[in-house]
1. Using only Cα atoms, tell me the angle between helix 236-250 and the longest principal axis of the chain; keep it within 0 to 90° and round to the nearest 10.
2. Please list, in chain and number order, the residues 5+ apart from Leu50 or on another chain whose amide H is under 5 Å from its amide H, with Hs placed from the backbone.
3. Could you state the angle between the C-alpha long axis of helix 159-169 and the longest principal axis of the C-alpha atoms of the chain, as a value from 0 to 90 degrees rounded to the nearest 10?
4. Can you give me the Cα centroid spacing of region 129-148 and region 192-241 in angstrom?
5. Mind pulling up the Rg/Rh value for the chain? Radius of gyration and Kirkwood radius, both on Cα.
6. Kindly express, to the nearest 10 degrees and within the range 0 to 90, the angle between helix 29-40's C-alpha long axis and the longest C-alpha principal axis of the chain.
7. Calculate one ³J(HN,Hα) per residue across region 78-88 by plugging θ = phi - 60° into the Karplus curve 6.51 cos²θ - 1.76 cosθ + 1.60, and present them in order as whole Hz with x for glycine and proline.
8. Using label points projected 7 Å from each Cα along Cα→Cβ, tell me how many nm separate Asn24 and Gln101, to one decimal.
Amino acid sequence: MEEKETMREKIRRGWEQTSAFYGNECPQVFSRFAERLVRLMDWKPGQVVLDVGTGTGLVAIHVSDEVVPGGWVVATDFAWGMLQRLRRSEAKEIKTLLLAQMDAEFLAFAEASFDCVTCAFSLFQFVDMSRALSEMHRALKAGGQIGLSNWATGFFTPVATMQRSLFREFGLRPLLPNPIAFAPEQIEALMEQSGFVSVRSLVEPVELCFDSPQEIWEWNLAMGPFSIMLEQQLTPERQEELRNRYIEMLQPLMTPKGIPCTFYPLYTLACKA
Ligand SMILES: C[S@@+](CC[C@H](N)C(=O)[O-])C[C@H]1O[C@@H](n2cnc3c(N)ncnc32)[C@H](O)[C@@H]1O
C-alpha cells in the first residue's frame, strides 16, 4: 500500500480535475440524496453546522436554510476546485455559508465547535475513514448530531456489478482499500468505534434513469479517484477500448425512458454523548 500522504495527494488531484463537471449529470443523484439526508436530521435556528467533503455544497446549501436565523454552515472540502464551484453558484448569496479548504482527516477546528456535522457520500473517499470520523466526533459538541450518507450494498443495480467485472477484466485496481458500499452494521460499528452513540441507519432504494450509457460513463468519470485510476493504470488506447466496451455492454439496458438503475443510499444518524 502506498504511503498515505502520496495517496491523499493523488486522490485530491483526481477531485480537483473532476470538480469542473462533478454533479452535472442527469439524473441528479447526489442532489436528491442530499435533500433527503437534511430532511432526516433535526434542525434548529441558530445551530452551527460543519459539512465535510462538501463538494459543490448540495447538503450545505439545504442546511443553511434550516438554521436561520442565527445559524452558520461551514462547508469544507480538500479540493479547491469544488469550493470554487460552490462559491460561484447560487450559494454566493448565502451570507451564513463559510467555505474552507480542509482535509477531513485533519479538521482545523477546536474541540466541540459544532452543533451538527454532515458528511454526504464522502467517507469512503477518505484514506483513513476512522481518523476522519474521530475528527468529526472531536469537532462536535456533546449532545450534537451527525448525519452521513454512503452507498449501501447494492450500490446502483444492475450497472455496478456489470462495471465491476469489466473494470476487473481491464486490470483496474482501486486506489483506496476502503469498501465503496457498506452493510449498515459496518458503518454503525465504525461510528461506535469513533465514540458516537445512538447510531441508526436507513437504506432507501430509489429507481432513477440515466439517459444513455455515455451518461453513466461520465458519472463514473466525475468521481475523482476513477479518473486517476484510468490515467495511471491504462494507456490512452486501453482507456478508449474500455470506454467503448462499457458503452456496448450497457446498450442492451436502454429502454424508452433511458437506463433504469436502482440506487441504494444508506443514511446513518448518530449523536455525541
Ligand atoms: C462524491 S463527492 C460528494 C460531495 C458532496 N458531499 C455531495 O453529496 O455531492 C466526494 C467529495 O469528497 C471530497 N473529499 C475526498 N477526500 C477528501 C478529504 N480527505 N478531505 C476533504 N474532502 C475530501 C472530494 O473532493 C469530493 O468533493
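1. The answer is roughly 90 degrees.
2. Here the answer is Val74, Cys116, Val117, Thr118, since their amide H atoms fall under 5 Å of that of Leu50.
3. The angle comes out at about 60 degrees.
4. 24 Å
5. Numbers: Rg = 18.5 Å, Rh = 19.2 Å.
Ratio of gyration radius to Kirkwood radius for the chain: 0.96.
6. It works out to around 30 degrees.
7. Values, residue by residue: 8, 9, 4, x, 5, 5, 5, 4, 5, 5, 8 Hz.
8. 2.2 nm
Each value in this text was obtained by applying a stated rule to the coordinates, not by laboratory testing. All values reported here derive from a predicted model rather than from experimental measurement. No Cβ is skipped: glycine too gets one built from the backbone with ideal geometry, and neighbour counts run over all protein chains shown.
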